[in-house]
1. In debye, nearest 20, what is the charge dipole magnitude of segment 1-124 about its Cα centre with +1 on Lys and Arg Cβ and -1 on Asp and Glu Cβ, if you could check?
2. 222 nm [θ] for the chain, helices only, -39500 (n - 2.57) per DSSP H run of 4+, per residue, to 500?
3. I'm spelling it out carefully: the read-out is semi-axes √(5λ) of the Cα gyration tensor in Å, the candidates are (i) 61, 26, 13; (ii) 43, 21, 17; (iii) 31, 23, 20, and one was derived from this structure. Which label?
4. Give me a comma-separated list of calculated 3J(HN,Hα) values for segment 137-150, in order, Karplus coefficients 6.51, -1.76, 1.60 applied at θ = phi - 60°, integers in Hz, x for any Gly or Pro.
5. For residue 4, which sequence-distant residues (separation of 5 or more, or a different chain) have an amide H within less than 5 Å of its own amide H, given hydrogens modelled in the peptide plane?
6. Work out, step by step, the length gained on full extension between residue 96 and residue 32: first 0.36 nm times the residue separation, then minus their alpha carbon distance; give nm to one decimal.
7. Could you check the simple spin-label distance between residue 23 and residue 46, using points 7 Å along Cα→Cβ, in nm with one decimal?
8. On a 27 Å Cα-Cα criterion, which of the cross-link pairs 69/197; 197/243; 55/129; 60/197; 23/152 come out too long?
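The values are calculated or read from the model by the stated rules, or taken from the named source; none is laboratory data. If you're wondering where the values come from, they're calculated on a predicted model, not measured in any experiment. Every residue, glycine as well, gets a Cβ built from its backbone with ideal geometry; the counts of neighbours run over all protein chains shown. Areas reflect the complete protein model, heavy atoms only, side chains present, ligands, DNA and RNA absent. Shrake-Rupley method; radii C 1.70, N 1.55, O 1.52, S 1.80 Å.
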Amino acid sequence: MQESVTIDEVNLMLSHPDELPMKWVGQRELLDQVLAAWLVVSEDDVPLNPRLIGKPGVGKTTLAYAAAKRLRQEVYLFQATMDTRPEDLLITPVISEENKIKYVASAIVTAMIRGGVAILDEGNRMSEKSWASLAPLLDSRRYVESIVAGIKIRAHANFRFCATMNDDASTFELPEYIDSRLQPQIFIDFPEREEEKLILAQNLPFADDMILDYVVDFLQNSHLAQERYTVRDGINIGRYALKLLSSSRKLKWPRRVPASSRQVHRCLAQAVALILGPEAQGYLPPVAESD
């Protein structure tokens, strides 16, 4: 049953928290930086609102989610888009079954009320008009005002906020008054080889070392060439290559006949071409000559 609260005689239906199988691997210092930003060091202090910046697929949302779980608080994700409106971020009126208006709190407002962590994903895809509705929440005032419902909502003391942003050019520039409220800026780069393999192994626990090593070599070669291929691409490539291997009658999963490195390489090359394009195949390591 959907939970509700009453604020200034207005009944608000709350959103549900997100429970996702996300786990941060490696780069512990990034996790510590997020947690430090959320720390409150005295009664007069307020938490900061970190901004996680990096290429698509490097794990920004996973990092924010993992940090929130370290606090043992409910997590609420909000996916920003170019079409996000101010009321989407705060309170939306809907028509109930009784043909009456009821107000539904967004994931962010629900986190404010319940003392959870709100993660605004890909925040720089939103327009300035939408950001303006969050301005008082992101400074020492820590409240929002809903014009639709006609109420002011103050954030719970345990409420924390984080925004993730891609560093590509297909997004809006942040307004200056929001830029100063979303600090610190935490940059996430490609992981080192060993960390990248750990991430792949965690997401593809059914893959053997040969496949993991091929995918890691592919990613590391592409990083050196300044390509934007990420570990998320690597996970998709490994997963699809395994499906291609398993689709073979002789290699059905769980396979009885171990795949040769030549078979693995052929399936990986096909997966790379179909996921990233044939030009990406040049970053695959050569097949082992002994096979």
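1. 580
2. Here the helix-only value at 222 nm equals -10500 deg cm²/dmol.
3. Checked against the structure: label (ii).
4. Once θ is set to phi - 60°, the couplings for segment 137-150 become 6, 9, 10, 5, 6, 6, 8, 10, 10, 9, 5, 4, 8, x Hz.
5. The list, which skips near neighbours in sequence, is 14.
6. 18.7 nm
7. 3.7
8. Violating the 27 Å Cα-Cα cut-off are 23/152.
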